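Written out below as structure tokens is the structure these notes cover.
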Amino acid sequence: MLHRHCPIRPIGYIKSAYLTDQTWSIRAAGIRQLHIDQAQSLNLYITNEFTLRQVLNLYLLAWECGVKTVYYVRSKSLEVEECESCAS
């Protein structure tokens, strides 16, 4: 079930998309979708700690909230230490 209002909290700074709770983003998109005739694109921003099950749950929540399109799932790239073969 969709919530009819979103609590607004004043913030003193802007969070990174990767630090924003993605379930909140999905629910907000579901509420917006009620007032949009066409589909909107939603990007999900996940960190490397997300499991496949958590990503699937985000997709299922998007479907339940009426989001028509999840456009991209963006993740932070892994930082790989320089290897010997790459250094030569």
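The values are calculated or read from the model by the stated rules, or taken from the named source; none is laboratory data. What you see is a predicted model; the values in this text were computed from it and never measured. Every residue, glycine as well, gets a Cβ built from its backbone with ideal geometry; the counts of neighbours run over all protein chains shown.
Quick check on my filter: what residues within segment 13-28 are in a helix (DSSP H, G or I), more than 10 Å from the chain's Cα centre (by Cα) and small (G, A, S)?
Residue satisfying the conditions is A28 alone.
Determine, yes or no, whether L52 is loosely packed, with under 13 Cβ neighbours inside 10 Å, of a type in the set (A, V, I, L, M), under 15 Å from S25 (Cα atoms) and at pLDDT 85 or above.
Answer is no for this residue.
With the requirement that a residue be out of contact with any Gly (no Cβ under 6 Å at 6 or more places or on another chain) and in a loop (DSSP other than H, G, I, E, B), what does segment 39-68 give you?
Listed by number, the residues that qualify are A39, Q40, T47, N48, E49, F50, T51, K68.
Would it be correct to say that L78 is modelled with pLDDT under 85, exposed (fewer than 11 other Cβ atoms within 10 Å of the Cβ) and out of contact with any helix residue (DSSP H, G or I) (no Cβ under 6 Å at 6 or more places or on another chain)?
yes
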